[in-house]
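Worksheet: one structure, shown below.
The values are calculated or read from the model by the stated rules, or taken from the named source; none is laboratory data. Nothing here was measured: the structure is a model prediction, and the numbers come from that model. All Cβ positions, glycine included, derive from the backbone under ideal geometry; neighbour counts span all protein chains shown. Calculation scope for accessible area: heavy atoms of the full protein, side chains included, ligands and nucleic acids excluded. Shrake-Rupley method; radii C 1.70, N 1.55, O 1.52, S 1.80 Å.
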Amino acid sequence: KNQVEQSPQSLIILEGKNCTLQCNYTVSPFSNLRWYKQDTGRGPVSLTIMTFSENTKSNGRYTATLDADTKQSSLHITASQLSDSASYICVVSAGDMRFGAGTRLTVKP
Amino acid sequence: NAGVTQTPKFRVLKTGQSMTLLCAQDMNHEYMYWYRQDPGMGLRLIHYSVGEGTTAKGEVPDGYNVSRLKKQNFLLGLESAAPSQTSVYFCASSYGGPYSYEQYFGPGTRLTVT
């Protein structure tokens, strides 16, 4: 069983709308949590990284939150654009790096 | 500044054939990694290197070998390809350990074994 679970598996939204992606993890001890964006046919690119003591981190229209007590993180995308269509991957570092399977986001005009 | 490059981009092998994937980085990073990505699963670490001349096993090393003869290059070899090795392979590099330093990924190699 993967120790990093992401939901939903896929999501379709209209351009300009907001959305939130979820990441639940069971790995311990916890070092940091990252969100990556992976465009089709490309390698992952880092969006945010949060340590245990950080609750939120923003990168433009992307805002990640972390609740270390409940072991949950979310990635909120504001005012979506067509270029946001991609897979978003949650990665938890805890001794080693554990990758979630990703959420496939499609933004339609 | 090309970042992390991988060759080839696509490859089709027959069962039992061998091949080598090449990863190159121009950022003077010490750490380099090979991952595989399969549908519905997260990236899994195959092998990694913490510096020139060093290699170590990751989560799924069986059936693969690696070499790091030069700091900028990290080679992944398949001695006898199997259909289970059909996957997309990503190389990554980082200045230091992945827990503290960002990993930079290459564009991937799509390998099909028939």
*So what's the Cα pair-distance distribution over the protein assembly as shown, bin width 10 Å, in %?*
8, 33, 35, 20, 5, 0
*How much accessible area is lost when chains B and A come together, counting both sides, with a 1.4 Å probe, in Å² rounded to the nearest 100?*
1300
*Taking chain A as a whole, which cysteines find no other cysteine Cβ under 4.7 angstrom from their Cβ?*
A:19
*asked:* Only sites in a loop by DSSP and with at most 14 other Cβ atoms within 10 Å count here; which chymotrypsin sites (Phe, Trp or Tyr not before Pro) in segment A:34-66 make the cut?
replied: A:52
_Two-site label geometry, residue B:30 and residue A:26: point separation in nm, points 7 Å out along Cα→Cβ_ = 3.4
*Where does chain A land on Rg/Rh, using Cα atoms and the Kirkwood Rh?*
0.95
*Would you kindly compute the Cα radius of gyration of segment A:1-58 and its largest Cα-Cα separation (Dmax), both in Å?*
13.4, 38
*Unit charges on C-beta of K, R, D, E only; dipole of chain B, Debye*: 300
*Which distance in Å, rounded to a whole number, links the C-alpha centroids of segment B:48-101 and segment A:32-109?*
24
_Surface share of carbon and sulfur [accessible, 1.4 angstrom probe, percent] for chain B_ = 52
*Hey, in the GNM for chain B with a 10 angstrom Cα cutoff, which one of B:98, B:61, B:39 fluctuates hardest?*
B:39
_How charged is the neighbourhood of residue B:89? Take every other residue with its Cβ under 9 Å from the Cβ of residue B:89, and add Lys/Arg as +1 and Asp/Glu as -1._
+2
*State in Å² the accessible area per residue of the protein assembly as shown; use a 1.4 Å probe, count heavy atoms of protein chains only, and round to the nearest integer.*
48
*Just reorder A:4, B:60 by solvent-accessible area, largest first, 1.4 Å probe, all chains present.*
B:60, A:4
_Magnitude of the charge dipole, the protein assembly as shown, Cβ model with Lys/Arg +1 and Asp/Glu -1, debye to 20_ = 480
*From the Cα gyration tensor of segment B:42-81, with a ≥ b ≥ c the square roots of its eigenvalues, which class applies: rounded if a/c is under 1.5, or else prolate if a/b is larger than b/c, or else oblate?*
oblate
_Which residues belonging to segment A:73-109 lose at least 20 Å² of 1.4 Å-probe accessible area when the assembly is complete, relative to their chain isolated?_
A:95, A:97, A:98, A:99, A:101
*First obtain the Kirkwood hydrodynamic radius of segment B:1-92 from its Cα pairs, then insert it into the Stokes-Einstein equation at 20 °C and 1.002 mPa s, and state the resulting D in µm² per second as a whole number.*
160
_Contact order normalised by length for segment B:14-114, with contacts defined as Cα pairs under 8 Å and 6 or more residues apart; what percent is it?_
33
*Cross-link pairs B:9/B:70; A:57/B:71; A:37/A:57 - those with Cα-Cα distance over 25 Å*: A:57/B:71
